[in-house]
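The values are calculated or read from the model by the stated rules, or taken from the named source; none is laboratory data. Predicted model only: the values in this text are computed from it and were never measured. With ideal geometry, Cβ positions are generated from the backbone for all residues, glycine too; neighbour counts draw on all protein chains shown. Note: accessible area is taken over every heavy atom of the protein model, side chains too, but ligands, DNA and RNA are not part of it. Shrake-Rupley method; radii C 1.70, N 1.55, O 1.52, S 1.80 Å.
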Amino acid sequence: LGGSFQRYTVRGFQIGPRPGRENLLSSMRSSPDLYRTPGKYDPVSENYDRDVSFRNAGDFINAYGYDIYGNEIGDGFDGPKHPVFGDFYLMDKIELSDLVVNAGLRLDIIDSDDRQFRDFIDYDGVYGQPGTHYSAANPLQRRSNEIIPAGMEKKPAFKQISPRLGFSFPVSDRTQFHVQYGKFLQAPQLSTLYAGRGISAVAFSGQYFVPSPIGYGLDPERTTQYEIGFTQQFSDYAVFDITGFYKDIQGQIQYAQINTEPGSVAAAYPTLQNGDYATTKGLEFRLSLRRVSRVQAQVNYTLADAQGTGSSPYSSVAGVAVGTPRPTVISPLEFNQTHRGTVNVDYRFGENDGGSILSRLGANLLLTFNSGHNFTRAYGSLGQRGAYLGGILADDDPRARKPLEPINASTTPWFYNIDLRIDKSIQVGALDLNVYFYVQNLLNTKNVINVYGRTGNAYDDGFLGNPDLSGPIVSSRGQQYIDLYKAINLGNRQHYALTQGGDLFGPPRQIRLGFKLEY
């Protein structure tokens, strides 16, 4: 039996721009007296009008654990978040003749310290007209569309008891079957739960596109997992294992819009809620060779299929924003990779083997390969993107993106990589000194890991070659714009990094020389 307990203190402070508005610095320069005396934000204090002006001066201030001026605060509605994660488990191993049973129970307690909307009727008219019904469809707010504490309540901690059960039994002295079943929980990412009231003023106003809203009262994702397989020992040095697995994942987080009731202060607003689901299934193969004549090896291969209604919490943002139906049937997920594998070969001299030079010298070669991941070919207009970003179709604002095929029907290229490590251990007194030479991506392979949605490759985003997209911009800015675009965006992938994050290619060759001491 055992358990764990974790408690965090989480704070956040962010200033974000609002389109078409004077930025915060310009506002402070034009109205210095308004911001001359910083104070802690209190929606019922005499500083309320000044503080709201500070928030609305062209930039939204999204703060929790800090006031709007950056001063640290320790409690209250706008105070820091204190998520608590606790678990307790009990398990036992039972051996009955040739049957081995591993059985257990796990209690998970997840208190994310987040809030959900209160659903109540204000019979006395404390907050407005008597008899008003407040809920998520009519959130209790005051000026500038900000949530006030009376309209929210703390979400109760989520508790679940999860069974875990495993069986193994030998068929012969070299063959063994094994079966496993279990339920698992995964708490929502904290970034999907926490935000200050500044972001609510933006979302509830209905005037701005909010690609990454938060959720109110989100539950953990729940997974049920099944495994069955067998292990076969071919000799004293070789073991083969095959395992089939199936996972059913419920309650994944998805992007949604809450349509507010007539007369509500808030407009229809985006949020996150539990609703997506996914299934993953496949086969895992493993061949292990014990060290023989200085050689040890292991081969792993996974054949898998991951499908669901959404690849991330924000997969359906475009559909919700433009009013098209959200997917309700499963399709391949963006991170699905049908084939994945590794081959690891280690050649090593033992102690006092091969003389003083070769003793404890070894080399390790690791081959990694996988098929590409799924993506959707698409087209679309420039939308609201600036000329420096071109017509890139990225996830930060996919409203202009229109699919050319079923969701995630295309696949990126295969990936191959070889890493080499050579090391030698030397005894230095009571210490063990290991000197190593490590090369990642030994062949300096330029692996494509992502592609542009317009073209399906990583070298051309399809902007300059499409006169309907780039023609007006090129004609007004000339050859210099083309040269800069090719160098910065196509050569350096800056627009991809800014809008999508990450890169289109895997890392190049890296050479490391180092040592470590052990005692």
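Results, tabulated for the structure shown:
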| quantity | calculated |
| --- | --- |
| Range of Cα positions in the range 470-519 per principal axis (Å), largest first | 68, 20, 12 |
| Degrees between helix 467-477 axis and first principal axis of the chain (Cα, 0 to 90, nearest 10) | 70 degrees |
| Dimensions in Å of the range 131-228 - Rg and Dmax from alpha carbons | 22.7, 75 |
| Listed peptides 319-332, 387-400 by packing density, highest first (mean Cβ within 10 Å) | 387-400, 319-332 |
| Residues of the range 225-341: accessible area per residue with a 1.4 Å probe, Å² | 51 Å² |
| Solution diffusion estimate, µm²/s, Stokes-Einstein, the range 188-281, Kirkwood Rh from C-alpha pairs, 25 °C, viscosity 0.890 mPa s | 147 µm²/s |
| Translational D in µm²/s for the range 99-150 (Stokes-Einstein at 20 °C, 1.002 mPa s, Kirkwood Rh from C-alpha pairs) | 148 µm²/s |
| Dipole of the range 318-476, positive direction: furthest Cα of G471, N408, F437, with charges on the beta-carbon | G471 |
| Compactness index (Cα Rg / 2.2 N^0.38 Å), the range 248-308 | 2.29 |
| Largest-first principal axis extents of the Cα set of the chain (Å) | 83, 68, 55 |
| Karplus (6.51, -1.76, 1.60) ³J(HN,Hα), θ = phi - 60°, over the range 405-420, in Hz, Gly and Pro reported as x | 7, x, 4, 6, 7, 9, 9, 6, x, 5, 10, 9, 8, 10, 10, 10 |
| Under the Debye formula (equal points on every Cα, no solvent term), log10 I(q)/I(0) of the range 275-413 at q = 0.11, 0.13, 0.16, 0.19 Å⁻¹ | -0.61, -0.72, -0.89, -1.10 |
| MRE, 222 nm, helices only [DSSP H, n ≥ 4, -39500 (n - 2.57), over the chain, to nearest 500] | -2500 deg cm²/dmol |
| Under 16 Å from the Cα of K81 - aspartates and glutamates, other chains or at least 8 residues apart | D67, E72, D111, D113, D114, E153 |
| Convex hull per residue volume in Å³, alpha carbons only, for the range 355-480 | 192 Å³ |
| Cα-based Rg and Dmax for the range 200-254, where Dmax is the largest Cα-Cα distance (Å) | 23.0, 70 |
| For the range 255-324, with +1 on Lys and Arg beta carbons and -1 on Asp and Glu, the positive-most of T260, T271, P313 along the dipole | P313 |
| Carbon and sulfur %, accessible surface of the range 160-275 computed with the full protein complex present, 1.4 Å | 53 percent |
| Whole-percent pair-distance distribution, where bins are 10 Å wide, for the alpha carbons of the range 314-355 | 17, 24, 15, 12, 11, 10, 9, 1 |
| Mean Cβ count within 10 Å, highest first, over the residues of peptides 211-217, 126-132, 302-308 | 211-217, 302-308, 126-132 |
| Solvent-accessible heavy-atom area per residue, rounded to whole Å², over the range 170-220 at 1.4 Å | 43 Å² |
| Accessible carbon and sulfur surface of the range 310-421 relative to its total accessible area, %, 1.4 Å | 60 percent |
| Relative contact order (%) - the chain, alpha-carbon pairs under 8 angstrom, separation at least six | 8 percent |
| More than 17 angstrom apart: percent of Cα pairs within the range 240-349 | 67 percent |
| Over the range 124-169, volume per residue of the alpha carbon convex hull, in Å³ | 145 Å³ |
| Shape metrics for the range 69-215, restricted to C-alpha atoms - Rg then Dmax, Å | 24.2, 79 |
| Convex hull volume per residue in cubic angstrom - Cα atoms of the range 422-493 | 136 Å³ |
| Relative contact order of the range 51-198, defined on C-alpha pairs under 8 angstrom at six or more residues apart (%) | 24 percent |
